[in-house]
Amino acid sequence: MRRIRHALITGGSRGIGLAIAQLFASKSYRITLVSRTSSDLQVALKSLPPLSSSIPSPSPTDSEAHRIPPSHSCIASPIDGLAATLPTHLPIEHEDSKIDVLVNCAGMTQERLFISMSDAQVENIIDTNLTSMMTLTKYLLRRGYFYGTTAHKKMIPVIINVASLLGVQGGLGAVAYAASKAGVLGFTRALALETGGMGIRVNALVPGYIDTDMTSHLNTSNLHTRIPLARFGRPEEVADAAWFLANNQYAHNCVLNLDGGLSAT
């Protein structure tokens, strides 16, 4: 049986991360979801199409034709503590642990004026949205978790970082959040320079307002009037963009806006 491609998705238990996981699973990827809450992860896992129904049957001549394909999995851990537990869940000596697609989607939002925030609150947002992403990515790069870095491989592994339109435009009550997401874009561009020669692509998604739990409390009617397409995006539409970034082998240092035209206003 041919090797099953593997996607590791942080923040994968809901919203954009889960939509990406569901799409990649439907395209025969094995998924490892990472999130803080075990109960949310178990629900998310059940929403993924099983590998047995999506993987093509092996050819009769395949010497591994009787191999049982691995299943989707999850890791309940904060991102800043993931490196300590990752070898247990994804032992580096196993071929199936290798990563073809890393989606850095874990994050937290902010709705508070900067002047009223404590230093600890600011630090928490920066650590969650940016520092932890950088630390995890560095860990995976150093230990050789990315698969297929040689020139003859058809699919170059890719890192996809999820930023935000607020990281480009800023927003009221979102100073620390906007700073962290601007940092994600800087991280993406600089890392792309370093990893291109290693055979690893790095790209970013820049969603605007997407219909998820994080935006469910917002005044949608007021916001819709500001968005040229007059609606919020859907998580599935962001997932489509992630699929493009994973599959287009010339997409490197590619930053995709998905904001319904809001960035043009």
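Per-structure values
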{"quantity": "Within the chain, longest stretch free of exposed trypsin sites (Lys or Arg not before Pro) [DSSP loop, at most 11 other beta carbons within 10 Å]", "calculated": "155-265"}
{"quantity": "Listed residue (200, 173, 225) projecting farthest to the positive dipole end of the range 169-236, Cβ model", "calculated": "225"}
{"quantity": "Chain lengthening between residue 264 and residue 76 when straightened (0.36 nm per residue, less Cα-Cα)", "calculated": "63.8 nm"}
{"quantity": "Structure-derived volume of the Cα convex hull per residue in Å³ - corresponding label in (1) 157; (2) 137; (3) 119", "calculated": "(2)"}
{"quantity": "The range 161-256: translational diffusion in µm²/s, Stokes-Einstein, Kirkwood Rh over Cα pairs, 25 °C, 0.890 mPa s", "calculated": "169 µm²/s"}
{"quantity": "Full-extension gain in nm, residue 4 to residue 194, via 0.36 nm per residue minus C-alpha separation", "calculated": "65.7 nm"}
{"quantity": "Acute angle (nearest 10 degrees) that the helix 175-195 long axis makes with the longest principal axis of the chain, alpha-carbon atoms", "calculated": "40 degrees"}
{"quantity": "Residues whose placed amide H lies under 5 Å from that of residue 209, excluding near-sequence neighbours", "calculated": "233"}
{"quantity": "Charge dipole (the chain, unit charges on Cβ, about Cα centre) - positive-most of 116, 131, 23", "calculated": "23"}
{"quantity": "Centre separation in Å (Cα based) which lies between the range 237-265 and the range 90-135", "calculated": "20 Å"}
{"quantity": "Where Cα atoms sit under 27 Å apart: lysine pairs in the chain separated by 8 or more or lying on different chains", "calculated": "11"}
{"quantity": "Sites residue 118 and residue 93 - FRET efficiency at Förster radius 41 Å, r taken between beta-carbons, to 0.05", "calculated": "0.40"}
{"quantity": "Spacing of the two label points (7 Å from each Cα toward its C-beta) at residue 223 and residue 255, in nm", "calculated": "2.2 nm"}
{"quantity": "Helix-only CD estimate at 222 nm, as mean residue ellipticity for the chain, using -39500 (n - 2.57) per DSSP H run (n ≥ 4)", "calculated": "-10500 deg cm²/dmol"}
{"quantity": "5 angstrom amide H check on residue 99, placed H, neighbours 5+ away", "calculated": "146, 147"}
{"quantity": "Candidates 200, 75, 115: whichever shows maximal mean-square fluctuation once the chain is modelled as a Gaussian network with Cα springs under 10 Å", "calculated": "115"}
{"quantity": "Potential lengthening between residue 109 and residue 244 on full extension [0.36 nm per residue; Cα-Cα distance subtracted]", "calculated": "46.0 nm"}
{"quantity": "The chain: most fluctuating residue of 255, 162, 43 per GNM, C-alpha cutoff 10 Å", "calculated": "43"}
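Rule-based calculations on the coordinates, nothing more; no lab input. This one's a predicted model, so the numbers in the text were calculated from it and none came from an experiment. Virtual Cβ from ideal backbone geometry, glycine too; neighbours counted across all protein chains shown.
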